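Below is one structure, written out as structure tokens; comments come after it.
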Amino acid sequence: MPKGSPELTNARKEEIINACKTLYRDISFKEITIKQIAEYTSFSRASIYNYFETKEEIFLAILQEEYELWVVDLQDITESHDSMTKEDIAKALASSLEKRKLLLKLMSMNHYDMEENSREERLVEFKVAYGASLKAVEQMLKKFCTEMSGEERQKFLYSFFPFVYGIYPYTVVTDKQRKAMEQAKVGFTFYSIYDIAYNCAEKLL
């Protein structure tokens, strides 16, 4: 770890993360290199390795941030309501995911690579954020669905969360994919992130 204040370290990490986000808007995970990321920062490629050993660690940090932001949204929903119906919960979960398109993209497309090519301590930091999202949804269910048992809440979590991993590919279809589906005579009906997340949560609840 480089010498310097925690504030400087965090600022440089955030600069690297934001540079990677900028690149990821236009090019794919596989195409992005540390060299390209460095070109969007105020320091050298060598300096990046003081903070992240691989590009996968940078992407894992992005995913961690996205989970942390989602947790804040989930906690705000729970704390700002005295009561919610199951339909209200399904709508709230769907709305919260609709705001986290980058989270869904990273979940569905590059999750295995990010975890496999990151140091254990970075993976632990990420898992803390992931675990917080599970707890935040469970707290919502505990508060508003008092009739649900602990086992029923676990069944919801371990049905809904794996489902969430697959939302992105069904809501973002390229022209190439669309043409291939047409030629293969595979029908395509567009559903938004909100639609898909709501339909799943509503049925599971």
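Among the candidates Val124, Val128, Val72, single out the residue that is at pLDDT 95 or above, under 28 Å from Ser192 (Cβ atoms) and within 17 Å of the chain's Cα centre (by Cα).
The unique qualifying residue is Val72.
Check whether at least one residue in the stretch 45-55 is free of Cβ contacts under 8 Å to residues at least 12 places away in the same chain and either on the phi > 0 side of the Ramachandran plot or not β-branched (Val, Ile, Thr) (or both), and report yes or no. Break it down stepwise before answering.
Initially, the stretch 45-55 is screened for residues free of Cβ contacts under 8 Å to residues at least 12 places away in the same chain, giving 45-46.
Subsequent filtering for residues that are either on the phi > 0 side of the Ramachandran plot or not β-branched (Val, Ile, Thr) (or both) retains 45-46.
Scanning the stretch 45-55, I find at least one residue that is free of Cβ contacts under 8 Å to residues at least 12 places away in the same chain and either on the phi > 0 side of the Ramachandran plot or not β-branched (Val, Ile, Thr) (or both), so the answer is yes.
Yes or no: the stretch 75-94 includes at least one residue that is under 30 Å from Lys30 (Cα atoms) and modelled with pLDDT of 95 or more.
Step one: filter the stretch 75-94 for residues under 30 Å from Lys30 (Cα atoms), giving 94.
So of that shortlist, the ones also modelled with pLDDT of 95 or more come out as 94.
Yes: the stretch 75-94 contains one or more residues that are under 30 Å from Lys30 (Cα atoms) and modelled with pLDDT of 95 or more.
Identify the single condition in (1) over 25 Å from Tyr130 (Cβ atoms); (2) β-branched (Val, Ile, Thr); (3) surrounded by 14 or more Cβ atoms within 10 Å (Cβ to Cβ) that Thr189 does not satisfy, given that it satisfies every other one.
(3)
Conditions first: (1) assigned to a helix (DSSP H, G or I); (2) within 29 Å of Ala136 (Cα to Cα). Asp82 passes all but one, so which condition is the exception?
With respect to (1) assigned to a helix (DSSP H, G or I); (2) within 29 Å of Ala136 (Cα to Cα), Asp82 is out only on (1).
Kindly indicate which of Leu69, Leu97 is in contact (Cβ under 8 Å) with a residue 40 or more places away in the chain and either surrounded by 20 or more Cβ atoms within 10 Å (Cβ to Cβ) or of a type in the set (A, V, I, L, M) (or both). Outline the logic, then answer.
Working: Leu69 fails: in contact (Cβ under 8 Å) with a residue 40 or more places away in the chain.
Unique residue meeting the criteria: Leu97.
Which residue, of Glu39, Glu7, Glu87, is in contact (Cβ under 8 Å) with a residue 40 or more places away in the chain, surrounded by fewer than 17 Cβ atoms within 10 Å (Cβ to Cβ) and among the charged types (D, E, K, R)? Don't jump to the end; show me each part of the working.
Values: Glu39 fails: in contact (Cβ under 8 Å) with a residue 40 or more places away in the chain; Glu7 fails: in contact (Cβ under 8 Å) with a residue 40 or more places away in the chain.
Answer to the check: Glu87.
I need the helices (runs of 4 or more DSSP H) fully contained in the stretch 156-205, keeping only those with at least 2 residues that are within 18 Å of the chain's Cα centre (by Cα) and of a type outside the set (Phe, Trp, Tyr). Give the steps one after another, and end with the answer.
Details: elements: 167-171, 175-183, 193-204.
Per the criteria, 167-171, 193-204.
The values are calculated or read from the model by the stated rules, or taken from the named source; none is laboratory data. As the structure is a prediction and not an experimental result, all values here were calculated from the model. As a convention, Cβ positions derive from the backbone with ideal geometry for all residues, glycine included, and neighbour counts pool all protein chains shown.
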